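Asks: This is the structure I want to talk about, given as structure tokens.
The values are calculated or read from the model by the stated rules, or taken from the named source; none is laboratory data. Quick caveat: nothing in here was measured; it's all calculated off a predicted structure. Reconstructed Cβ throughout: ideal geometry from the backbone, glycine too, with neighbour counts over all protein chains shown. With ligands, DNA and RNA removed, areas are computed over all heavy atoms of the protein, side chains included. Shrake-Rupley method; radii C 1.70, N 1.55, O 1.52, S 1.80 Å.
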Amino acid sequence: MAAARHRIEAATLTAATLTGGSVPDPPRVAWRKQTRQRVLEAARDLTCEAGWDQVSLSAVAARAEVSRPSVYKEFGNRAGLGRALVILETQQFLAGVADALYPGVPDSHACLEAAILYVLQEADNQPLIRAVITAARKGSDSLLPYLTARADPIFDAGQTLVQGWLATRYPQQRTESLQMAADVIVRMTISHLILPADEQHLTAQRLATAALKLLR
């Protein structure tokens, strides 16, 4: 399970981590990290309350109790803030997907079905993703592209995670086949998030069956 998490985490190991020690950040670095966290939390809260379309950098700065220039300095612009917000949510979300994919059981179909079902269910449980998807179903919310069409964070990271898992289950398959299957799994799962067609457990079962047929 730990190995699965390492596949999706972008963190790098510092000398302090390798030796088990802990080196405190310089005050300026610590302040910047704290500011970044406060801004992301404020942006997340505002998005959950009113939708990303209604979130302005001024409102985020006011909620986080920091200056507007500080927000610009850290994230560049509103798009940069949106991307950072979704990346943070994605890292936490995909950790749960990895746990479902790597439970230590031999049944590949069961693992994939569980992972897809986790995505479909957890999207309803996580306030930010729920807010984005709910708005998308109503034809709104400009944060949606970060979850679906762009190369990162969730599509690219999800595809990498699934492809890595498929490679451990189907080592005889060519890389191109694994890429195709991973692409289908991620795209179809996200599609059913936005436009659900059936009960979640049935959707998960059908998607897992269809995707794994590509590798037989």
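Asks: What is the residue count in the stretch 102-159 for residues that are small (Gly, Ala, Ser), modelled with pLDDT of 75 or more and open to solvent by less than 40 Å² (accessible area, probe 1.4 Å)?
Replies: Of the residues in the stretch 102-159, 6 are small (Gly, Ala, Ser), modelled with pLDDT of 75 or more and open to solvent by less than 40 Å² (accessible area, probe 1.4 Å).
Asks: To continue, here is another question. For the stretch 160-191, what are the residues that are open to solvent by less than 40 Å² (accessible area, probe 1.4 Å), within 18 Å of GLU122 (Cβ to Cβ) and modelled with pLDDT of 90 or more?
Replies: Scanning the stretch 160-191 gives LEU161, VAL162, TRP165, ILE185, VAL186, THR189.
Asks: Is it the case that GLN92 is open to solvent by 20 Å² or more (accessible area, probe 1.4 Å) and within 22 Å of ASP156 (Cβ to Cβ)?
Replies: When the stated conditions are applied, GLN92 passes them.
Asks: Continuing with this model, one more query. Give the stretch 159-209 a look and list any residue that's in contact (Cβ under 8 Å) with a residue 40 or more places away in the chain, not in a helix (DSSP H, G or I) and not hydrophobic (A, V, I, L, M, F, W, C), or say none.
Replies: TYR170, GLN173, PRO196
Asks: Return yes or no: is ARG63 assigned to a helix (DSSP H, G or I), touching a residue at least 24 places away in the same chain (Cβ under 8 Å) and either surrounded by 13 or more Cβ atoms within 10 Å (Cβ to Cβ) or in contact with a helix residue (DSSP H, G or I) (Cβ under 9 Å, 6 or more places away or on another chain) (or both)?
Replies: Answer is no for this residue.
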